[in-house]
Amino acid sequence: MEGNELNTPKPIEIKEEPILTKNGMVQTYAEDMAKAAESLQGMELKKLIERDEQFGEQKENLSPESKKNKILMIISTILMIATVTLVFLVYKKSNTIVSIPVIQQNKSIIYTDKTQFLSIDGLNKDQIIQTIKNEVSSTDVKSGGIESIYLTENKQVIGFNRFTTLLNLNIPNEVSSYTNDNFLIGAYNGSTKSFFILLKVKSFTDIFPGFKLWENKMFSDLYNLFGINLNTDNQDLLTKDFADSILNNKNARTLYDKDNNPILEYVYASDTSVVIIANNETAREIMTRLSVNPLGN
């Protein structure tokens, strides 16, 4: 045994030489290696932690449950709805026909050379009459021409019944019941500029009794509208009777002055037309147009 002990090699003992640091501390090589290992492990651990934090942030940013993404999703939804709504409105507007207020005009009874619309909104009787007279006196229609005048309320042409109401005309029921609401007033530019009223009626037989009744009030209703000056010399016209007459082979009723001049008359221009005029020249032109124009039939 002693021989074996002599033959067994002894372990080599590494003797570390102490190293003197700058601050005077003694540090060995083993300690340096341990610290270096700890430093490396710390750096790797720090990198892993930083990488995990970055991944966590990316995961949170990509998650629909995050507050930021919820807000973005809401904004995106609102923008999408707004876009769809805008497209719908643009499409609807492009397919919508723009409605422009247009004056509704009745079908003209005869051919006329010019048409004039006169608004009478808010006007009283005297103002309406003066508006019509002003238009008649200032018409620039050609010589021998006829200007049709349409009175309007709220951009709508008024009919005969409304016309008689506004002017407080004493129209008997026997006239209004057989007269079409589509009527015509206007100006004729002949030797003088004169006013006329053209009515469409059911028939001569139906309307004749009613006009006979109206004769008692016709002159007082219409003299101002026709521009007839009433004075002491012609006041008898208010009570004077109309007389039978013939104009272009058409039956008529005429009111004459004391000099036997026609002042106001109405003519049965056709079986369904009655024209009220202040001179024969106007009546003849209207009857000519009625005879050649289908609208007058």
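No lab work stands behind these numbers, since they all come straight from the coordinates. Because the structure is predicted, anything quoted here is derived from the model rather than measured. Every residue, glycine among them, receives a Cβ derived from its backbone with ideal geometry; neighbour counts consider all protein chains shown.
When Rg and the Kirkwood Rh are both derived from Cα coordinates, the Rg/Rh ratio for the range 112-266 amounts to 0.94.
From most to least packed by mean Cβ count within 10 Å, the peptides 260-272, 205-217 give 260-272, 205-217. The listed peptides 175-182, 240-247, ordered by packing as a protection proxy, come out as 175-182, 240-247 (highest mean of other Cβ atoms within 10 Å first).
Simple rule: put +1 on each Lys or Arg Cβ and -1 on each Asp or Glu Cβ in the range 177-297, find the dipole, and look at 186, 234, 252; the Cα lying farthest toward the positive end is 186. Phi-derived couplings, Karplus 6.51 cos²θ - 1.76 cosθ + 1.60 at θ = phi - 60°, listed residue by residue for the range 254-259: 10, 9, 9, 7, 5, 9 Hz, with x used for Gly and Pro.
Scanning residues 5 or more positions from residue 183 or on other chains, those with amide H under 5 Å from its amide H are 160, with H placed 1.01 Å from N in the peptide plane.
Ranking 152, 83, 112, 232 by Cβ neighbours within 10 Å, fewest first, what do you get? If you can, show how the numbers build up before the last one.
Details: 152 16, 83 10, 112 20, 232 6.
Lowest to highest Cβ neighbour count: 232, 83, 152, 112.
Cα-Cα over 25 Å: which of 202/250; 155/193; 125/250; 114/202; 142/212? Those over the limit are 155/193; 125/250; 114/202; 142/212.
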